[in-house]
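A short worksheet on the structure shown next.
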Amino acid sequence: MTDTAEETPETSVGTPVETPEESFQESAAAMRSKRRRVAHRAAERVLARTSALATIRERLAVLDGAGDVYDLDESADLYGNGVVEALEERTAALLGMEAAAFFPTGTMAQQVALRCWAGRTGNPAVALHPLAHPEMYERHAFSQVSGLRPIRLTSEPRLPTADEIRGLDEPFGALMLELPLREAGFVLPSWEELTEVTEAARERDAVVHFDGARLWESVTHFGRSVDEIAGLADSVYVSYYKSLDAYGGAAIAGPKTLIDEAKAWRHRYGGQLFQQFPTVLSALVGLERELPRLPQYVRHARVVAAALREGFTEAGVPWVRVHPEEPHTNEFQVWLPYDVDVVTEAAVRQGEETKAVLFARPWDKGGPGLAVTEVEVRAAGLEWSAEDVREAVADFVALVEKVGREE
């Protein structure tokens with residue numbers, strides 16, 4: 001599932017010539033996407049005001065009051081100093097690490113971190129889940145750019161177990177764990193399971209790296225502070241835009257020697273940008289404003305998830321799955337027994353006709369006759385009561401039935 005430019009699926013090298021029918025279908029999909037954006041912007045009620053659907057004016061408003069988090073009379077940053085260093089220091093402190101390095105993208109950040117670890121361990125093999133971001137969305141960058149070799153762990157839609165780590169039949173230099181594992185439904189292991197997995201990796205003389213793109217909102221599930229979670233790993237990647245609503249950016253945190261080397265590779269990879277203060281300021285604003293609210297979003301996501309399940313049952317839908325049943329973060333999956341085009345059109349019409357958007361993200365085919373989407377709960381979603389959600393589900397199901405009759 002894709003909702004950001006960084007997570008655009010890989011395309012083939014040679015693109016075949018489109019048939020007229022394929023061109024029409026693409027045009028129809030583009031039109032529906034435009035309608036979805038318009039409906040989301042005009043909606044009076046949504047579960048999350050996602051930045052992917054926002055206007056430039058709305059995104060610029062993120063920096064309103066930025067002077068409260070950083071002195072705007074300071075000199076602008078040049079090639080990673082000033083406000084960039086302030087963000088790095090703040091991030092390292094939050095994660096309980098010696099140092100941190102800011103990167104323009106998470107793709108670059110994690111390649112650099114794991115490349116540095118490979119040099120230290122002498123082993124370029126990285127053990128990771130086949131649903132992890134580098135395997136799904138980075139065009140084989142590990143092998144094509146960084147000289148790393150991915151070793152796939154379990155194919156089960158969950159994080160690997162300690163026994164699976166111990167049972168790998170070849171050595172590896174680093175274990176990479178995506179917390180939460182988005183493609184499996186934003187799932188997390190238990191604290192005990194996570195601890196055992198990191199211990200199993202070290203038994204095999206491997207380092208542990210956390211892909212923490214959404215680590216910030218994982219504290220509620222684990223019942224631990226973010227620095228305690230990060231403390232299980234040798235290095236951690238965090239994103240500033242996925243959870244904190246920044247314009248972009250990522251960081252790697254870990255030992256100072258690793259971070260010093262990572263900054264050298266950041267320059268080599270083209271990540272030493274001339275000025276980055278707008279993005280960095282938005283990240284500092286996110287740490288100040290959004291980070292403290294994430295536990296509230298997670299708790300309310302559980303209310304929304306339960307109400308969705310109840311609403312579809314009350315509406316007589318023969319089968320529905322909210323996964324996980326109790327969300328581990330403020331994001332989760334919804335599976336329904338309908339054609340993708342039908343539920344997509346119904347979701348758009350709900351926004352257009354009722355000014356309430358229940359499902360803002362795209363729907364994907366989850367199997368024959370199945371459609372799946374992701375639901376995110378943020379500040380706007382706190383205004384929804386369980387009854388509001390159930391009523392919106394009833395409206396949505398009625399639209400699904402109407403669209404289905406038209407097909």
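The values are calculated or read from the model by the stated rules, or taken from the named source; none is laboratory data. Here the structure is a predicted model, which means the values were calculated and not measured. For neighbour counting, all protein chains shown are included, and Cβ atoms are generated from backbone atoms with ideal geometry for every residue, glycine included. Only protein heavy atoms, including side chains, enter the accessible area calculation; ligands, DNA and RNA are left aside. Shrake-Rupley method; radii C 1.70, N 1.55, O 1.52, S 1.80 Å.
In this structure the range 186-288 gives 34 Å² per residue of accessible area when probed at 1.4 Å with all protein chains present.
Mind checking which lysines have their C-alpha under 25 Å from residue 365, skipping anything on the same chain fewer than 8 residues away? Within the straight-line cut-off, residue 365 pairs with 34, 242, 402. Building the convex hull from the alpha-carbon atoms of the range 133-255 and averaging its projection over directions returns 7.9 nm². For residue 338, the solvent-accessible surface computed with a 1.4 Å probe is close to 50 Å², ligands and nucleic acids excluded. When the surface is traced with a 1.4 Å probe over the full set of protein chains, residue 163 keeps roughly 120 Å² accessible. Relative to one another, the C-alpha centroids of the range 69-86 and the range 287-350 are positioned 39 Å apart.
Would you work out if the chain is rounded, prolate or oblate? Take a ≥ b ≥ c from the square roots of the eigenvalues of the alpha-carbon gyration tensor; rounded if a/c is under 1.5, else prolate when a/b is larger than b/c, oblate otherwise. Prolate is the answer for the chain, as a/c is 1.5 or above and a/b outweighs b/c. For the pair residue 385 and residue 81, the difference between a 0.36 nm per residue extended length and the Cα-Cα distance amounts to 104.9 nm.
Using a probe of 1.4 Å, the accessible surface attributed to residue 245 totals some 40 Å² when neighbouring protein chains are kept in position. Ligands, DNA and RNA left out, the accessible area of the chain computed with a 1.4 Å probe is 50% carbon and sulfur.
Membrane-span-like helices of the chain, defined as complete DSSP H segments with a Cα extent of 27 Å or more along the helix axis and a mean Kyte hydropathy of at least -0.5, are identified as 294-314, 386-406.
A 1.4 Å probe over all protein chains sorts 391, 290 by accessible area into 391, 290, starting with the largest. A protection proxy built from the mean count of other Cβ atoms within 10 Å ranks the segments 379-387, 47-55, most packed first, as 47-55, 379-387. Rounded to 0.05, the FRET efficiency of the residue 64 and residue 121 pair, given R0 = 35 Å and the Cβ-Cβ distance, is 0.15.
Taking the square roots of five times each eigenvalue of the Cα gyration tensor of the range 102-170, the equivalent ellipsoid has semi-axes of 21, 15, 10 Å, listed largest first.
Using the rule -39500 (n - 2.57) for each DSSP H run of four or more residues, divided by the residues of the chain, the 222 nm mean residue ellipticity is -13500 deg cm²/dmol. Stretching residue 225 away from residue 32 to a fully extended chain increases their span by 65.3 nm, per 0.36 nm per residue minus the current alpha-carbon distance. Taken about its Cα centre, the range 176-286 carries a charge dipole of about 580 debye when Lys and Arg each add +1 at the Cβ and Asp and Glu each add -1 at the Cβ.
Projecting the Cα positions of 171, 220, 151 onto the charge dipole of the range 151-222 (unit charges on Cβ atoms of Lys, Arg, Asp and Glu, taken about the Cα centre) puts 220 furthest along the positive direction.
Given +1 at the Cβ of Lys and Arg, -1 at the Cβ of Asp and Glu and no other charges, the dipole of the chain around its Cα centre is 460 debye to the nearest 20.
At full extension, residue 170 and residue 370 could sit 68.2 nm farther apart than now, given 0.36 nm per residue minus the alpha carbon distance. Based on Cα contacts under 8 Å between residues 6+ apart, the range 48-207 shows a relative contact order of 18 percent. Annotation for residue 141 and residue 45: the two label points, set 7 Å from Cα along the Cα-Cβ direction, are 4.0 nm apart.
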